[in-house]
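The values are calculated or read from the model by the stated rules, or taken from the named source; none is laboratory data. Note that the structure is predicted; figures quoted are calculated from it, not measured. When we count neighbours, we look across all protein chains shown, and the Cβ atoms used for this are built from the backbone with ideal geometry, even at glycine. SASA here: full protein model, heavy atoms, side chains in, ligands and nucleic acids out. Shrake-Rupley method; radii C 1.70, N 1.55, O 1.52, S 1.80 Å.
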Amino acid sequence: MMRNSPMNDDVMLEIMSYCPATEMAKFRLLNKECNKRSYEMSFLNRHLHRTNSFLGYIFYYKDNHWFRNHSCFVSGVDEKEIYRINLAYLPPRCNPSIEACDTYHGILLCVDDVYKGRKRIPDYIVCKPATKQYRIIPNPKTRFGTVATGLMVISYNPFRYKIIRVSDTGATVSRDGVYNLSCEVYDSDSDAWKRLNHLVSSEFSHRPVKPAVSAYGCVHWLTEKNNVMRFCMRTETWSIFPVPDDVTSDYYNVMLVNYEGKLGVIHSSRCGKGSNIWVLEKSFGTSWVKVKDMKIAALEDDCYNSQPIWFPSNDTVSRSSSGRLSLYNMSNNKYRFLHTKQDFYPSHWPAGKYFVPFYSNYERVCFNKNDVEGKERSERGTRDGTIEKKKEYDHVVIMLLFSSLFFISPTL
């Protein structure tokens, strides 16, 4: 029997541009070239338009006078677009802080400090700001202060997510800074927290760590010793490995990122010399590979305060610098400013402390198993107050197109 010729890459990308972001990972496994091109900004712009999705940043900051938390949204594609994405729809008198985020599904974990009598009993709130949905989940053991928190969507249909929380028990195992940390995992399927074995480690101190980065079904944190702590959501186990040898020990100029779906480390040189990036060679490996021809130039007027934050695509990166948020195109070395407000946050603090990268669609999710309204309305997406019916073609049609026109190449 004659074998069908592989599908043209352009045709394959055209079909992929209609796929929901939640299903994109499956199709990216079919072809290496299409996988790489699907992370380019030109493809993402087309994909956002066709799937009724958006990307940008939720700016989160505290009012110094009233100590209230505020949030607003800045688009990462078109500065003229205004999306009314914020946390004002959460329960009345709620003053939430953002603890964790699944960036590529638009799901947040917020914590609202509530004092009931003389006791501090915080509310843990999982929400999707694009659809103005939220659910208050059961509390973990909040007696101990939070050190690290991670959130990951496990599946979208049916909707399922997990949360990992590491807290400081106040107990040290040795004088060398080895801490005895409490670990709890929340699973939306069981709607309950599960206590894991204590984590005995010197990597997590009693101070909160940098935000978690998700990749390969795991949540990762960069420790002050420039090691990576990895928690696998499937096996609920820990592992640790070092950052690349070429990265210096300067914790404040190193950060974890997600680059083309892989875990990456980005190191920013001082005095405006730009940044370099490494990615893990294998999903669960510990070896790093430097991304060739990938150099992020720094702004001339931001020698000390410029910092890469997020890779919306493999050819653009967002950077913070002196009250400004900019988008840097690595192909043509051009900057485009997305947001400028000098007094938005102290100039000596990086903007990464105040905002959350965000990619979302307008389809409702079922936070509750009995969420009938959510199941019915998930068939349609809302944008700017209007309701668009979901197009008749669905995942089944796309799968049929792939199965009939494409055979997986043996070179993959």
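For this structure, a couple of remarks:
- Of the helices (runs of 4 or more DSSP H) lying entirely inside segment 21-65, those carrying at least 2 residues that are closer than 20 Å to Ser155 by Cα and without any contact (Cβ under 8 Å) to a residue 60 or more places away in the chain are 21-28.
- Leu196 passes every criterion in (1) of a type in the set (A, V, I, L, M, F, W, C); (2) modelled with pLDDT of 90 or more; (3) open to solvent by less than 20 Å² (accessible area, probe 1.4 Å) apart from (3).
- Tally, over segment 187-217, of residues that are touching a residue at least 24 places away in the same chain (Cβ under 8 Å) and either within 18 Å of the chain's Cα centre (by Cα) or part of a loop (DSSP other than H, G, I, E, B) (or both): 21
- If you go through segment 112-141 and pick out every residue that is surrounded by 17 or more Cβ atoms within 10 Å (Cβ to Cβ) and assigned to a loop (DSSP other than H, G, I, E, B), you end up with 5.
- For first residues located in segment 90-118 and farther than 23 Å from Phe54 by Cβ, partners that are at pLDDT below 90 and of a type in the set (Ser, Thr, Tyr) and lie 6+ apart or on another chain with Cβ distances below 6 Å form the pairs Val111/Ser97.
- Every condition in (1) at pLDDT below 85; (2) of a type in the set (Ser, Thr, Tyr); (3) under 23 Å from the mean Cα position of the chain (by Cα) holds for Tyr115 except the one numbered (3).
- Test: Asp176 is assigned to a loop (DSSP other than H, G, I, E, B), at pLDDT 85 or above and of a type outside the set (Ser, Thr, Tyr): no
- Qualifying residue in segment 180-187 (condition: in contact with a strand residue (DSSP E or B) (Cβ under 6 Å, 6 or more places away or on another chain), modelled with pLDDT under 85 and farther than 27 Å from Phe355 by Cα): yes
- Residue that is modelled with pLDDT of 80 or more, among the basic types (Lys, Arg) and either in contact with a Leu (Cβ under 8 Å, 6 or more places away or on another chain) or open to solvent by 10 Å² or more (accessible area, probe 1.4 Å) (or both), where the choices are Arg68, Arg50: Arg50
- Subset of segment 247-299 [of a type in the set (Val, Ile, Thr), open to solvent by less than 30 Å² (accessible area, probe 1.4 Å) and modelled with pLDDT of 90 or more]: Val257, Val265, Val279
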